[in-house]
Amino acid sequence: FKMCPGRVICKLLCSGEKEVDLAVQSAKAAFKIWSQMSGMERSRVLLEAARIIREQREEIATLETINNGKSIFEARVDIDISWQCLEYYAGLAGSLAGEHIQLPGGSFGYTRREPLGVCVGIGAWNYPFQIACWKSAPALACGNAMVFKPSPFTPVSVVRLAEIFTEAGVPKGLFNVVQGGAATGQFLCHHPDVAKISFTGSVPTGIKIMEMAAKGIKPITLELGGKSPLIIFSDCALENAVNGALMANFLTQGEVCCNGTRVFVERKILDVFTKEVVKRTQKIKVGDPLLEDTRMGALINQPHLDRVQGFIKQAKEQGAQVLCGGDLYVPDDPKLKNGYYMRPCVLGNCTDDMTCVKEEIFGPVMSILPFDTEEEVVERANNTKFGLAGGVFTRDIQKAHRVVAALKAGMCFINNYNISPVELPFGGYKASGFGRENGRAAIEYYSQLKTVCVEMGDVESVF
């Protein structure tokens, strides 16, 4: 593999209506086999897939770095989370069960947890391989089949996942990949044999998918955008809070939906915190993501880089101060000169009404905002259409729990940020979507309950 930003690494044909139908029909046929297997049988296949991913970690991480542009250091973490996700749901597959309820006169009822059928997964370009695992692992553990459409900007690594599932022993066609953009997504959402849709991406696209799913009365999971608050109290461990702010803003070039990009800092420590964050941000090494010491790679494409640059330009026009970064970066290596690189940016002198504070930038741009009281900062933190995540840094554990309880967000962090254990559910409030990925909660979104009533005596008729 070689890193060649700005160059074509492969060409794929977009899947049309015919190809989408073939993929769904293939998955439907495989579902008949997979859904009749026991949970333990499915578990063994998922464990084998996890083993293959774990053993091929370096190769897959390298592929993901070329696919997306993130640092190899981060890509390895993504791959580790991916096989851990498969292992976690392999562990749950054999324990999926309903319940038995005793009824009067010796009669009884029971529930069966049954798969939905062919599920559709539509992924984003920031975590291509990991998102595909987050969606497919619970879906397959519950006995479903899946047709997955990756982003057209990152089409490669999910194909490797499909090959791994086949190597692990899933029925042929159980996990199918289709390629394409909005039109391909529409064919999937409208297909009559699709039972459920899980989408990760932007709010506008999420709205369209919700509308399409409504026409077929299909259940959906939406994991959309965010503009999450990170609250730094003066009684925090400063170095830890600075680390948290960097983790909350600059992972994957800032292209993370749950990033804590509104950094509220108690006024008492505003200057010292800001100074330390700027110093640390300036040390972040930008460049070839395949080098071991690189911590920030290239943004996904030129239009997105231009969009992020536009946000910074507008922020300056509205009175924000660029404390560091925000400019384009051209690495010394000539083979990287066409890459979509920029220096991570910290904005000061920000106010709540600025566009950079209200809108999701989805790039390496941190906005710092001062606050004075707990009550004030909670109100300001919740004053957003989004509700994906939120974070608090403080040594006062009572205050920490009190504040996260008041935050209108689905994923909250205390004295850390942007960790996503597969054992815990992930998802948002408000415009950030609904439904959950990961944890036991995801089982609810990839299965359905059937109730069975058994009469042990004669039927008493009212007629």
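The values are calculated or read from the model by the stated rules, or taken from the named source; none is laboratory data. Remember, predicted model here, so these are calculated numbers, not experimental data. Note that each Cβ is placed from the backbone with ideal geometry, even for glycine, and that neighbours are counted across all protein chains shown. Quick note on the areas: whole protein, heavy atoms, side chains included, nothing else; ligands and nucleic acids left out. Shrake-Rupley method; radii C 1.70, N 1.55, O 1.52, S 1.80 Å.
Residue-level analysis places residue 8 among those that are modelled with pLDDT under 95 and either more than 15 Å from residue 159 (Cα to Cα) or aliphatic (A, V, I, L, M) (or both).
May I ask you to say which residue of 243, 249 is of a type outside the set (Phe, Trp, Tyr) and open to solvent by less than 10 Å² (accessible area, probe 1.4 Å)? 249 is the lone residue from the list that is of a type outside the set (Phe, Trp, Tyr) and open to solvent by less than 10 Å² (accessible area, probe 1.4 Å). Of everything in the stretch 52-74, what is within 11 Å of residue 130 (Cα to Cα) and either free of Cβ contacts under 8 Å to residues at least 60 places away in the same chain or open to solvent by 50 Å² or more (accessible area, probe 1.4 Å) (or both)? Give them in sequence order. Answer for the stretch 52-74, where residues must be within 11 Å of residue 130 (Cα to Cα) and either free of Cβ contacts under 8 Å to residues at least 60 places away in the same chain or open to solvent by 50 Å² or more (accessible area, probe 1.4 Å) (or both): just 61.
Among the residues making up the stretch 255-270, a single one is in contact with a helix residue (DSSP H, G or I) (Cβ under 8 Å, 6 or more places away or on another chain) and part of a helix (DSSP H, G or I): 269. Kindly establish whether residue 306 is closer than 30 Å to residue 58 by Cβ, free of Cβ contacts under 8 Å to residues at least 24 places away in the same chain and open to solvent by 50 Å² or more (accessible area, probe 1.4 Å). When the stated conditions are applied, residue 306 does not pass them. Where helices (runs of 4 or more DSSP H) sit wholly within the stretch 1-103, those with at least 1 residues that are more than 24 Å from the chain's Cα centre (by Cα) and small (Gly, Ala, Ser) occupy 17-34, 39-55. Taken over the stretch 332-349, the criterion of being touching a Pro at 6+ places or on another chain (Cβ under 9 Å) and surrounded by fewer than 22 Cβ atoms within 10 Å (Cβ to Cβ) is satisfied by 335, 336, 337, 338, 340, 343. Beta carbons closer than 6 Å, at least 6 apart along the sequence or on distinct chains, pair a first residue in the stretch 273-291 that is within 16 Å of residue 252 (Cβ to Cβ) with a second that is among the hydroxyl-bearing types (Ser, Thr, Tyr) and in a helix (DSSP H, G or I) for 289/65; 290/65. Screening residue 326 on (1) touching a residue at least 24 places away in the same chain (Cβ under 8 Å); (2) under 30 Å from residue 372 (Cα atoms); (3) surrounded by fewer than 18 Cβ atoms within 10 Å (Cβ to Cβ) shows it passes everything except condition (3). For the stretch 141-159, indicate whether the set of residues that are among the aromatic types (Phe, Trp, Tyr), closer than 26 Å to residue 225 by Cβ and either free of Cβ contacts under 8 Å to residues at least 12 places away in the same chain or open to solvent by 20 Å² or more (accessible area, probe 1.4 Å) (or both) is non-empty. Yes, because at least one residue in the stretch 141-159 is among the aromatic types (Phe, Trp, Tyr), closer than 26 Å to residue 225 by Cβ and either free of Cβ contacts under 8 Å to residues at least 12 places away in the same chain or open to solvent by 20 Å² or more (accessible area, probe 1.4 Å) (or both).
Going through (1) open to solvent by 30 Å² or more (accessible area, probe 1.4 Å); (2) in a helix (DSSP H, G or I) one by one, residue 217 falls short only on (2). Residue pairs whose Cβ atoms lie under 7 Å apart, separated by 6 or more positions or on different chains, with the first residue in the stretch 75-87 and open to solvent by less than 40 Å² (accessible area, probe 1.4 Å) and the second among the aromatic types (Phe, Trp, Tyr), are 78/127; 78/129; 79/129; 82/129; 85/134. Just one of the listed residues (273, 311) is closer than 23 Å to residue 124 by Cβ and assigned to a helix (DSSP H, G or I), and it is 311.
So is residue 23 in the same structural domain as residue 139 (by the TED database), on the phi < 0 side of the Ramachandran plot, crowded, with 18+ Cβ neighbours inside 10 Å and without any contact (Cβ under 8 Å) to a residue 40 or more places away in the chain or not? Taking the combined requirement at face value, the residue does not satisfy it. The strands (runs of 3 or more DSSP E) found wholly in the stretch 353-463 and carrying at least 2 residues that are open to solvent by 20 Å² or more (accessible area, probe 1.4 Å) occupy 411-414, 447-454.
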